[in-house]
1. Collect the residues in the range 16-61 that are more than 19 Å from residue 139 (Cβ to Cβ), in contact with a helix residue (DSSP H, G or I) (Cβ under 8 Å, 6 or more places away or on another chain) and assigned to a helix (DSSP H, G or I), keeping them in residue-number order.
2. It is to be established whether one or more residues within the range 77-85 are under 23 Å from residue 275 (Cβ atoms) and under 23 Å from the mean Cα position of the chain (by Cα).
3. Can we say residue 13 is touching a helix residue (DSSP H, G or I) at 6+ places or on another chain (Cβ under 7 Å) and more than 30 Å from residue 282 (Cα to Cα)?
4. All but one of (1) out of contact with any strand residue (DSSP E or B) (no Cβ under 8 Å at 6 or more places or on another chain); (2) within 22 Å of residue 73 (Cα to Cα); (3) surrounded by 15 or more Cβ atoms within 10 Å (Cβ to Cβ) hold for residue 148; which doesn't?
5. Output the number of residues of the range 222-280 satisfying the condition of being touching a residue at least 24 places away in the same chain (Cβ under 8 Å) and under 21 Å from the mean Cα position of the chain (by Cα).
6. Give the residues of the range 1-15 that are assigned to a loop (DSSP other than H, G, I, E, B) and either modelled with pLDDT of 95 or more or more than 22 Å from residue 101 (Cα to Cα) (or both), sorted by residue number.
7. Which numbered condition trips up residue 49, out of (1) farther than 21 Å from residue 279 by Cα; (2) touching a strand residue (DSSP E or B) at 6+ places or on another chain (Cβ under 8 Å)?
8. Does the range 110-118 include one or more residues that are in contact with a helix residue (DSSP H, G or I) (Cβ under 9 Å, 6 or more places away or on another chain) and buried (at least 19 other Cβ atoms within 10 Å of the Cβ)?
């Protein structure tokens, strides 16, 4: 009888409670701040990391999950009696983590050719970030509990991530400037003029969808963009950072516009906050066009 293990990394932003409730294994990213190294979700929670960022003058950096780490993880999961591993990783264009997982799977079966017909590893490139893959992982976990097969769960996740759209806006350009996501000159002009970029994340790419003037214009613009692209009556999620009032504001606006509330809320962890800053807002949904 098949026994399925869901595996992912900490940039999916599912909570520890969800991780435990659904028996999902979340591999934490390591974070370097100067000469100090930390492990996300272990050495700090989200609130503590936001404070650490605020007090740190430099640019924190995350490191990829290595081939060796994945090989050890695969060995342990199969030793525990699982027959199928579904591993969903951070966007392959933003990290080498997905490629490392693929290489580790090949190495595993090269070392264990006798398991090729008995065990399976499905590596899925999320093509995005945060709840863009956290949400379908949670949904797949519920489906597995109801008896779906590994292939059915993989097909569901793959369909979601290929059609997922995230509209996302930082309330400050300070961290995007530090990380190089926005050139220093453009960030300076944006801050002086009060411009805020609304980013669109889809199909591996992060692009500026729109620019608005002032913080108050961010939520209305994101709601407008979402309403235009979302498949009607399908679930959507809110993404936020250190400001719960912003989370509640966009949830109210989306509920009013779409006629139903968010399915989930995702608070960004270290992997996302490093580039976007701690105060953000956004929406995650399945778009009309692939």
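1. Hits for the range 16-61 are 46, 49, 50, 53.
2. So far as the range 77-85 goes, no, none of its residues is under 23 Å from residue 275 (Cβ atoms) and under 23 Å from the mean Cα position of the chain (by Cα).
3. no
4. With (1) out of contact with any strand residue (DSSP E or B) (no Cβ under 8 Å at 6 or more places or on another chain); (2) within 22 Å of residue 73 (Cα to Cα); (3) surrounded by 15 or more Cβ atoms within 10 Å (Cβ to Cβ) applied to residue 148, the lone miss is (2).
5. 40
6. The answer is 1, 3, 13, 14, 15.
7. The single condition residue 49 does not satisfy is (1).
8. no
The values are calculated or read from the model by the stated rules, or taken from the named source; none is laboratory data. The model shown is predicted, which means the values in this text are computed figures rather than measured ones. Backbone-built Cβ (ideal geometry, glycine too); neighbour counts: all protein chains shown.
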